[in-house]
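Single-structure report; data block below.
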Amino acid sequence: MTSFILGKESRERLLLPGHAYSGTAAEGHELIALRSLGIMPIPAGGATGYNTEGDVLTQTVDGRNLNDVWAEFQATLGMHNEARQRLIDLLTYNVSAPVEDVPIVGSEDFEEASEFGEPKGIGAGGFWSMGFGFKWYDLAIRYTWKYLAEATAAQVESLNNMAIEADNRLLFTKVLRAIFNNETRTADIRGTAYNVYPFYNADAAAAPPAYKNYTFTDTHDHYLTSGAATVDSGDLDTMATQLKHHGHGTAANGGQLLLLVPEDGAEVTAIRSFRVATGDSYDFIPAQGQSPFLLPTNTGGVAGGAQPPAIYQGLSVAGRYGPWLVIEESYIPTGYMVGLASGGEVSAANPVGVREHANPGLRGLQLVKGRSDDYPLVDSFYRRGFGTGVRQRGAGVVMQVTANASYAIPADYA
């Protein structure tokens with residue numbers, strides 16, 4: 001039988017003589033599917049274009065079966081999707097719908113009833129729609145047969161770990177961008193543009209709803225500046241007031257007020273010095289495990305105050321100042337502080353919504369097989385689809401520590 005070098009499209013077929021065929025193969029030969037004969041295709045070939053037995057790789061150089069490595073990667077991704085990064089869980093909740101219609105509730109009063117008259121009717125003040133963005137993100141890891149012939153299992157696993165770290169960083173960056181970026185975005189959902197909102201940003205979309213005796217205008221803004229180059233206790237009081245005036249972090253409504261500050265920054269250094277005796281509203285109380293402390297009183301220094309835990313939901317706690325649990329976080333940019341009302345892990349009371357696909361099978365970080373099912377690591381792809389948006393617009397406040405009057409978005413999250 002005459003030999004022919006097969007093109008890419010014919011590598012999973014075998015040339016047999018005696019049959020007329022019109023196509024890429026030579027006349028007098030027919031392309032027969034190898035799988036129909038029980039012969040498994042192989043993903044690599046020699047220099048002449050033929051697939052040879054020597055090209056079939058079933059294990060790494062240190063003896064790990066490649067299909068076992070694939071199964072381990074899938075299990076690793078399962079654990080990764082189940083237990084997300086701690087800070088993300090405290091800031092976000094899962095969104096099931098791409099658009100939410102939020103009612104604009106007005107204030108109505110009862111009137112004195114008359115003997116024969118009918119009472120006046122009330123109705124909803126309308127709705128405003130808020131959307132959540134959504135995009136697909138992916139990256140590929142491609143292994144040549146020569147690489148797999150020489151690589152150890154640890155080397156292959158390290159590439160998988162790099163992909164997982166990249167996914168963590170992507171998700172974390174998008175969540176923080178939803179917090180720090182005070183610009184209203186748009187998302188195309190079913191051919192219609194919907195606004196994707198940050199915290200209240202004076203965008204005139206709608207005035208925040210009244211809470212108790214507090215009313216607001218459409219110029220209400222949760223992106224503030226300190227008005228000075230250093231932090232003082234009044235800045236923290238202002239941030240707490242912004243949240244409590246919307247009912248977040250109050251004793252009645254529950255939730256924990258978290259103040260996120262740069263790790264080892266000037267902000268937390270200043271906060272550690274706040275004392276009632278020097279005119280501040282509260283005494284800063286260090287977290288457990290830190291240096292012993294004395295709170296000054298009129299009669300001298302005495303130990304006092306209940307120390308907060310050193311760790312809160314996996315986050316490093318510097319201490320407590322009034323209603324704030326002060327969290328040091330290296331991802332917070334220098335010169336910024338974020339105040340949030342958190343309802344706990346993946347609580348609907350958390351400010352940022354993370355929208356994933358409506359199909360549960362397309363949620364989370366996925367590892368997609370390459371061209372050959374028998375050798376899934378070759379040309380494998382990592383894929384995630386998600387988007388963000390702020391649902392609880394009054395549950396967060398960002399303050400830039402600057403003498404400037406206008407808030408500037410940090411460069412990393414612009």
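The values are calculated or read from the model by the stated rules, or taken from the named source; none is laboratory data. Computed from a predicted model, the values in this text were never measured in an experiment. Every residue, glycine among them, receives a Cβ derived from its backbone with ideal geometry; neighbour counts consider all protein chains shown.
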Query raised in the report: Being within 23 Å of Asp218 (Cβ to Cβ), β-branched (Val, Ile, Thr) and under 17 Å from the mean Cα position of the chain (by Cα), is that true of even one residue in the stretch 349-357?
Result: yes
Query raised in the report: With respect to the numbered conditions (1) modelled with pLDDT of 85 or more; (2) closer than 22 Å to Trp136 by Cβ; (3) charged (D, E, K, R), which one is the sole condition not fulfilled by Glu329?
Result: (2)
Report summary line: Checked against (1) free of Cβ contacts under 8 Å to residues at least 24 places away in the same chain; (2) assigned to a helix (DSSP H, G or I); (3) more than 30 Å from Asp138 (Cα to Cα), Asp203 satisfies every condition except (2)
Report task. Please identify the pairs in which a residue from the stretch 136-165 that is closer than 16 Å to Arg383 by Cβ has its Cβ atom under 9 Å from the Cβ atom of a residue that is acidic (Asp, Glu) and part of a helix (DSSP H, G or I), counting only partners at least 6 apart or on another chain. Result -> Tyr137/Asp167; Leu139/Asp167; Asn160/Glu72
Query raised in the report: If you take the residues of the stretch 150-188 that are of a type in the set (Gly, Ala, Ser) and over 21 Å from Val352 (Cβ atoms), which of them is modelled with the highest pLDDT?
Result: Ala163
Query raised in the report: Tell me, which residue of the stretch 146-205 that is surrounded by 16 or more Cβ atoms within 10 Å (Cβ to Cβ) and of a type in the set (Gly, Ala, Ser) is farthest from the chain's Cα centre (by Cα)?
Result: Ala151
Report task. May I ask you to list the residues in the stretch 226-274 that are more than 19 Å from Ala287 (Cβ to Cβ) and among the hydroxyl-bearing types (Ser, Thr, Tyr)? Result -> Ser226, Thr230, Thr238, Thr241, Thr250
Report task. Tell me which residues, restricted to the stretch 246-262, are at pLDDT 90 or above and of a type outside the set (A, V, I, L, M, F, W, C). Result -> Pro262
Requested in this report: Please go through the stretch 333-352 and pick out each residue that is modelled with pLDDT of 85 or more and either closer than 25 Å to Leu139 by Cβ or surrounded by fewer than 22 Cβ atoms within 10 Å (Cβ to Cβ) (or both).
Outcome: Pro333, Thr334, Gly335, Val352
